[in-house]
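Everything on this sheet refers to the single structure shown next.
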Amino acid sequence: MINNDVWFAVVNPQSANGCTRKRWPKFLQRLEQEGYTVDFAYTLGPGDATSITRRVLHEGYTRIISVGGDGTINEVVNGFFIDGCLINPDAELALFSHGTGGDFVRSLSISRGIEGFIEILKKGRKRTIDVGEVQFLDDHGQPRNRYFLNVADIGLGGETVNRVNRQSKLLGGKISFLIGTMVSIFRYRNKTMRCKIDDKYCIEGRLNSIMVANGRYIGGGMMIAPNAEIDDGLFDVISLGDFSAWMLLRNIPKIYKGEHLKIPGVSEQRGGSVSITTAEKALLDIDGEQPGQTPVKFTIHPKSLCIWDV
Ligand SMILES: Nc1ncnc2c1ncn2[C@@H]1O[C@H](COP(=O)(O)OP(=O)(O)OP(=O)(O)O)[C@@H](O)[C@H]1O
């Protein structure tokens, strides 16, 4: 029987360009100095954070820490579910943000660094938040599903993430994403999309992308969905119209500040279920990972995951 006070940390040693591997032993020492008992495992590769989380939840751990960036948070959250259900509805997640981008925690105002994380544990404030689910086709055309906390998108974002994840992030999340975005903007061709929100056709035509947001930020700090709330039971659906590369580039500063919603061609809508189909293949991006393509269907699971917040 595992004591409820024991935490289990799922540590991605490769996150933050490999810095997490060097720093984790010191972080663990600090947590132990503060009186916390923390068991942990390093992930061995993509997908491992999901398997580890599932295994330890089945073993009886109820308090999980994700140590890494947005990709690690996403994999850990997926480990909370099996066959469409939470493994343990009483399980809780604490986020030790140690990646390059760290977009999801921006929506929570969680500060970076071990001292900020210890403060969260000491305060002990918990919050139950919405979880998004997306059904999509993988690269072999097989139907898959995945859960997410932050933002998923179809279009330019998928192509950009595909490119950024193949290059080094040594310059930091924001700059790497900016460079990847620039190259993608010039190579990407807008796609004909149809988007249904809560079973009504809402957006149709040639579009750059559609973002389905629970959190507010993508790409190392772009405030793409400035009005999104992580516990309102709804996605914020932001679409970017048939923009040219130059028009997008001109507006990137506005997107970073969340001031893009009034630009003609940008729309903001809300709903709990979102389906997107495209005339040609369009890539899906979920929390900075690129697992597949259209057609996609998003469903929100209101207030279904307990996280530790500031
Ligand atoms: N041992 C490992 N070796 C290589 N890659 C790994 C390993 N463990 C996990 N990964 C992969 O590392 C990728 C990046 O992780 P993560 O997103 O947490 O860090 P990051 O890219 O530094 O942060 P952010 O996404 O916030 O910019 C994930 O896709 C994950 O699947």
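The values are calculated or read from the model by the stated rules, or taken from the named source; none is laboratory data. Computed from a predicted model, the values in this text were never measured in an experiment. Methodologically, a virtual Cβ is constructed for each residue, glycine included, from the backbone with ideal geometry; neighbour enumeration extends over all protein chains shown.
Return the only residue of I110, I118 being assigned by TED's automatic domain parsing to the domain that holds G47 and at pLDDT 95 or above.
I118
Return the total of residues in the stretch 81-97 being surrounded by 20 or more Cβ atoms within 10 Å (Cβ to Cβ), more than 15 Å from the ligand (Cβ to nearest atom) and farther than 16 Å from V56 by Cβ.
Residues that pass the stated criteria total 0.
Within the stretch 207-219, identify whether any single residue is under 29 Å from Q167 (Cβ atoms) and surrounded by fewer than 20 Cβ atoms within 10 Å (Cβ to Cβ), and answer yes or no.
no
Quickly run through the stretch 83-134 and pick out the residues that are acidic (D, E) and assigned to a loop (DSSP other than H, G, I, E, B).
D83, D90, listed by residue number.
Taking the stated definitions as given, is L249 touching a helix residue (DSSP H, G or I) at 6+ places or on another chain (Cβ under 7 Å) and not assigned by TED's automatic domain parsing to the domain that holds G116?
On the way: touching a helix residue (DSSP H, G or I) at 6+ places or on another chain (Cβ under 7 Å): yes; not assigned by TED's automatic domain parsing to the domain that holds G116: yes.
Against the criterion (touching a helix residue (DSSP H, G or I) at 6+ places or on another chain (Cβ under 7 Å) and not assigned by TED's automatic domain parsing to the domain that holds G116), L249 qualifies.
If the requirement is being of a type in the set (V, I, T) and more than 15 Å from the chain's Cα centre (by Cα), which of these qualifies: I230, I255, I224?
I255
Could you give every pair whose Cβ atoms fall below 8 Å, whose first residue belongs to the stretch 41-52 and is under 14 Å from R21 (Cβ atoms), and whose second residue is surrounded by fewer than 16 Cβ atoms within 10 Å (Cβ to Cβ) and modelled with pLDDT of 95 or more, counting only separations of at least 6 or pairs across chains?
These pairs meet every condition: Y42/R21.
Looking at (1) surrounded by 23 or more Cβ atoms within 10 Å (Cβ to Cβ); (2) under 17 Å from Y217 (Cα atoms), which one does L178 not meet, given that it meets all the others?
Among (1) surrounded by 23 or more Cβ atoms within 10 Å (Cβ to Cβ); (2) under 17 Å from Y217 (Cα atoms), L178 violates only (1).
Of the residues I255, I263, which single one is in a loop (DSSP other than H, G, I, E, B) and closer than 26 Å to R187 by Cα? Spell out how you get there, then give the answer.
On the way: I255 fails: in a loop (DSSP other than H, G, I, E, B).
Just one listed residue meets the conditions, I263.
So which of T53, T100 ends up being under 26 Å from Y256 (Cα atoms) and surrounded by 23 or more Cβ atoms within 10 Å (Cβ to Cβ)?
Details: T53 fails: under 26 Å from Y256 (Cα atoms).
Criteria check complete, one pass: T100.
Within the stretch 1-74, which strands (runs of 3 or more DSSP E) (wholly inside it) include 2 or more residues that are within 9 Å of the ligand (Cβ to nearest atom)?
Here the list reads 63-68.
Would you check which residues across the stretch 266-310 are within 18 Å of the chain's Cα centre (by Cα) and in a loop (DSSP other than H, G, I, E, B) and list them?
Passing the criteria: G272, D287, G288, D309.
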